[in-house]
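Novice: Next up is a structure, given as structure tokens.
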Amino acid sequence: MLREVIARLKESACPPLVEVEGAAAFAALRAPPQRLPRAYVLPASDTAGRNQRISGTAQQVSSQISLLVLAGSKRDARGEAAALDLEQLLQAIRPRLHGWAPGVGFEGFDFVAGRMLRIDEGVLHWEDRFSTSHMMFGGA
């Protein structure tokens, strides 16, 4: 599902983003990236409902992803410009995911919440959470 989200953001010509990457690229960051804005798609959580079958398993699974958006400029140490740019970025990015299903059997994404994580060397780190659900089937 994460690869599909990354591909969606890349191919839907999300013009403001210079890059969209996954968890490995985010984990490798040692300093704020030079080229901004960019986004990282990360797994956030999975929550399963009760088994709906007597023989085998069928569970509704709700999966959340985090879309971490980095915006700003190292020249703007307080992040004032980043905060202004963020609103435009989110207006461009959110519609690309909201209501879109990341694969066969998945529901369309719902927007859950957004929050500022921090400002580091003029780079604002913002997290948006999106949720989708699908059925998981197992043994008979």
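Since every read-out is calculated from the coordinates, none of them should be taken as a lab result. Being a predicted model, the structure only gives us computed values, none of them experimental. Neighbour counts run over all protein chains shown; Cβ positions are idealised from the backbone, glycine included.
Novice: How high is the relative contact order of the range 2-138, in percent, with contacts defined as C-alpha pairs under 8 Å that are six or more residues apart?
Specialist: Contact order relative to length: 26 percent.
Novice: Would you mind ranking HIS98, HIS134 by Cβ crowding within 10 Å, fewest neighbours first?
Specialist: Result, fewest neighbours first: HIS98, HIS134.
Novice: Pull out the extension gain between GLU107 and PHE137, defined as 0.36 nm times the separation in residues minus the alpha carbon to alpha carbon distance; nm, one decimal.
Specialist: Taking GLU107 through PHE137 to full extension adds about 9.2 nm, to one decimal.
Novice: Please identify every one of the trypsin sites (Lys or Arg not before Pro) in the range 1-40 that sits in a loop by DSSP and has no more than 10 other beta carbons within 10 Å of its own beta carbon.
Specialist: Sparse-neighbourhood loop trypsin sites (Lys or Arg not before Pro): ARG30, ARG35.
Novice: Here's another thing I want to ask about it. Across the range 114-129, in residue order, what do the Karplus-derived ³J(HN,Hα) couplings come to in whole Hz, using 6.51 cos²θ - 1.76 cosθ + 1.60 with θ = phi - 60° and x for Gly and Pro?
Specialist: x, 7, 7, 8, 5, 10, 10, 6, x, 9, 8, 9, 10, 10, 10, 10
Novice: Hey, another quick one. Hey, how much of the P(r) for the chain falls beyond 27 Å, as a percent of Cα pairs?
Specialist: 27
Novice: While we're looking at this one, here's another question. Rank the residues GLU19, GLU11 as a footprinting-exposure proxy: fewest other Cβ atoms within 10 Å of their Cβ go first.
Specialist: Final ranking by Cβ density, sparse to dense: GLU11, GLU19.
Novice: Mind listing which GluC sites (Glu not before Pro) in the range 95-135 are in a DSSP loop and have 16 or fewer other Cβ atoms within 10 Å?
Specialist: Listed in order of number, the matching sites are GLU107, GLU121.
Novice: Let me ask you something else. Taking 0.36 nm per residue of sequence separation and subtracting the Cα-Cα distance, how much length would be gained by fully extending the chain between MET116 and PHE26, in nm to one decimal?
Specialist: Stretched fully, the MET116-PHE26 segment lengthens by 30.7 nm.
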